[in-house]
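Peer 1: The structure that follows is given in the form of structure tokens.
The values are calculated or read from the model by the stated rules, or taken from the named source; none is laboratory data. Note that the structure is a prediction, hence the values are computed from the model and not measured. Using ideal geometry, Cβ is built from the backbone for each residue, glycine included, and neighbour counts are taken over all protein chains shown.
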Amino acid sequence: MTKRIMLGVAAAALSLAVAAPAHAQAHIGVSAGASFPTGDFGDAVSSGYNVNGIIGVSMPMSPIGFRGEVGWNSFDFKGGGNDKTRVLNGTANIVIQPSTMMPAKPYIIGGVGAYNVKVSGSTVNALLGSSQSDTKVGFNAGVGLKFGLGDLATFLEARYVTINTEGASLNYIPVSFGITF
């Protein structure tokens, strides 16, 4: 009898362990917004824009989720002309969202990624050295608010992004509004 109870408890524990990951919620989405350069980069370029594609996974009973993103940021150089900087990135992020009953759920996001910076125009040497395009590791961290709408969710977030290039550090703050489904 004891063996059967132990076997039943073990089977129940195993089924719970297997069932929890099976209920992971995957979502895809898009976001867009303004990007604000800071530091030396902010002295050289004007505010720009960003567009992102998102794929994420979260567990219903866990505050931790994961989000992969592909993003595009564009900035015009100050002083006119056709000089531009484009930042294309792919990032892997951890999202921490505390459990709350509020309609707007706050979260923290941060991660690492590959950032390809391309400069066009006469200002190439000032930012990237002798290269017109360079791919470097970069980091991002920020905060957001998520608003649930059934199977859809909208969010508003701001992050700080830093990329070390040959010429100088490239830092900016993208503020984005997005939707996931």
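Peer 1: Just a yes or no: is a residue in segment 114-133 touching a Phe, Trp or Tyr at 6+ places or on another chain (Cβ under 9 Å), modelled with pLDDT of 90 or more and not basic (Lys, Arg)?
Peer 2: Within segment 114-133, none of the residues are touching a Phe, Trp or Tyr at 6+ places or on another chain (Cβ under 9 Å), modelled with pLDDT of 90 or more and not basic (Lys, Arg).
Peer 1: Just to be sure, is residue 74 more than 14 Å from the chain's Cα centre (by Cα), in a strand (DSSP E or B) and of a type in the set (Ser, Thr, Tyr)? Lay out the reasoning, then the answer.
Peer 2: Numbers: more than 14 Å from the chain's Cα centre (by Cα): yes; in a strand (DSSP E or B): yes; of a type in the set (Ser, Thr, Tyr): yes.
In short, yes.
Peer 1: Sticking with this structure for a sec: Within segment 154-181, how many residues turn out to be small (Gly, Ala, Ser) and modelled with pLDDT of 95 or more? Give the derivation first.
Peer 2: In the first step, residues of segment 154-181 are kept if they are small (Gly, Ala, Ser); the result is 158, 167-169, 176, 178.
Adding the requirement that they be modelled with pLDDT of 95 or more leaves 158, 176, 178.
Of the residues in segment 154-181, 3 are small (Gly, Ala, Ser) and modelled with pLDDT of 95 or more.
Peer 1: In segment 83-110, which residue that is surrounded by fewer than 16 Cβ atoms within 10 Å (Cβ to Cβ) and assigned to a loop (DSSP other than H, G, I, E, B) is modelled with the highest pLDDT?
Peer 2: 98
Peer 1: Continuing with the same structure: Collect the residues in segment 27-53 that are loosely packed, with under 15 Cβ neighbours inside 10 Å, free of Cβ contacts under 8 Å to residues at least 60 places away in the same chain and over 20 Å from the mean Cα position of the chain (by Cα), keeping them in residue-number order.
Peer 2: Result: 43, 46.
Peer 1: Pull up segment 77-108, narrow it to residues that are under 18 Å from the mean Cα position of the chain (by Cα) and of a type in the set (D, E, K, R), then point me to the one that is farthest from residue 140 (Cα to Cα).
Peer 2: 105
Peer 1: Also, quick follow-up: Taking residue 41, is it aromatic (Phe, Trp, Tyr), assigned to a strand (DSSP E or B) and modelled with pLDDT of 90 or more? Write out each step before concluding.
Peer 2: Values: aromatic (Phe, Trp, Tyr): yes; assigned to a strand (DSSP E or B): no; modelled with pLDDT of 90 or more: yes.
When the stated conditions are applied, residue 41 does not pass them.
Peer 1: Of all the residues that make up segment 111-123, how many are in contact with a Leu (Cβ under 8 Å, 6 or more places away or on another chain) and either crowded, with 19+ Cβ neighbours inside 10 Å or small (Gly, Ala, Ser) (or both)? I'd like the intermediate steps shown before the answer.
Peer 2: Kept after step one, since they are in contact with a Leu (Cβ under 8 Å, 6 or more places away or on another chain), are these residues of segment 111-123: 115-119.
Subsequent filtering for residues that are either crowded, with 19+ Cβ neighbours inside 10 Å or small (Gly, Ala, Ser) (or both) retains 115, 117, 119.
Looking only at that region, the number is 3.
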